[in-house]
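Just so it is clear, none of the values below were taken in a lab; they were calculated from the coordinates. Everything numeric here is computed off the predicted structure, so don't read it as measured data. Glycine also receives a Cβ, built like all others from the backbone with ideal geometry; neighbour counts cover every protein chain displayed.
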């Protein structure tokens with residue numbers, strides 16, 4: 001039986017003017033929702049459709065604590081976190097097509113093993 005996983009993630013737009021931090025139990029599904037504006041929310045208002053950072057946790061409580069910690073940081077500190085692991089601010093979800101050809105059209109609960117920690 002696979003352990004449940006939870007994800008802290010950061011989304012931005014292609015101008016990289018706004019940064020959103022969230023938590024989810026299905027990163028691929030949640031990124032799909034952001035990219036397709038399926039939820040009327042902050043992220044759809046600011047067109048946040050570029051996954052630039054994520055972390056994986058096995059404990060939801062730890063994931064929520066980390067999400068709140070990151071949300072409390074200054075924009076400068078958040079930028080440094082992304083820069084340390086994704087210097088070019090690449091859209092990490094773009095790599096999923098290498099693992100799941102139809103990932104964008106049919107999101108799954110699993111993700112490729114391109115863990116950024």
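Quick notes
- Sorted fewest first by neighbouring Cβ atoms within 10 angstrom, 74, 93, 41, 26 come out as 74, 41, 26, 93.
- For the range 6-99: rounded, prolate or oblate by the Cα gyration tensor [a/c cutoff 1.5]: rounded
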